[in-house]
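This report concerns only the one structure given below.
The values are calculated or read from the model by the stated rules, or taken from the named source; none is laboratory data. Fair warning: this is a prediction, and the values are worked out from it, not measured in the lab. Cβ coordinates were reconstructed from backbone atoms using ideal geometry, including for glycine residues, and neighbour counts include every protein chain displayed. Note: accessible area is taken over every heavy atom of the protein model, side chains too, but ligands, DNA and RNA are not part of it. Shrake-Rupley method; radii C 1.70, N 1.55, O 1.52, S 1.80 Å.
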Amino acid sequence: MIDKKRNTRQRFLIISLLVLSTSACSIFSPAEPEISDAEACLRLNELITDHADNFKQFKRGLKNTGLRNSMQIWDAERVFPLAKNCQVWEWSSGLTNYFCAWDESNQQEAQASYIKGVDLVNQCLGEQWNSKFSRTKSGGGDALFYQTGGKTVISIRYFKEALTILENWQTTLYVGAESNLKAKIQ
């Protein structure tokens, strides 16, 4: 029981540090070309299919994080119009997920980005996909898209970062196993 709590805390801490590090990198990233909605739908569905192969076709350069025993991180191809700082995370447990994070200047922009993302994902997925929505602790939102019995979920969230004194809002896109989303939502 204690190990389970410790593992959950460690995973949450690692995810929080990674989110913060990807946020810092966004300042120095060059502008990327626009992605049309049609292209995003095609690429999102390819990403969902590639989850079974650990996102092999979307991985770019392996990063040196010093966390080799816990996880490995690759830069990843951006497949979503709003997304920035995309990565593939491979955990020591064998789970792999695709994750993008982008900063917004305030809650309204984060919410607008989230709504646009949710609308696009709804447009891209077929009727066999379900969705559920919840609020985050910081007043943001979380949309989870899943198939009954499926192994891949898509999550779009917007939230106020908890570990900062500034009013930093962030939007994220996650594709992977639902078990990696069990950390508490900010």
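Table for the structure above
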quantity	calculated
For segment 129-135, Karplus couplings with θ = phi - 60° (6.51, -1.76, 1.60), whole Hz, Gly/Pro x	8, 10, 9, 9, 10, 8, 9
Accessible area in the full protein assembly, largest first, 1.4 Å probe, for E90, E161	E90, E161
L125, L95, L163, reordered so the largest accessible area comes first (probe 1.4 Å)	L163, L95, L125
Highest-first arrangement of 170-176, 34-40, where packing means the average Cβ count within 10 Å	170-176, 34-40
Solvent-accessible ranking of Y158, Y146, Y114, largest area first, probe 1.4 Å	Y146, Y114, Y158
Restraint check, K84/K132; K84/K137; K56/K160; K56/K137; K59/K132; K59/K151, Cα-Cα greater than 27 Å	K56/K160; K56/K137; K59/K132
Rg(Cα)/(2.2 N^0.38 Å) for segment 37-182, N = residue count	1.02
Sulfur and carbon atoms: percent of accessible area, segment 37-182 [1.4 Å]	48
Heavy-atom surface of segment 114-177, accessible at 1.4 Å and reported per residue (Å²)	49
Heavy atoms of W91 accessible to a 1.4 Å probe, total area in Å² rounded to 10	20
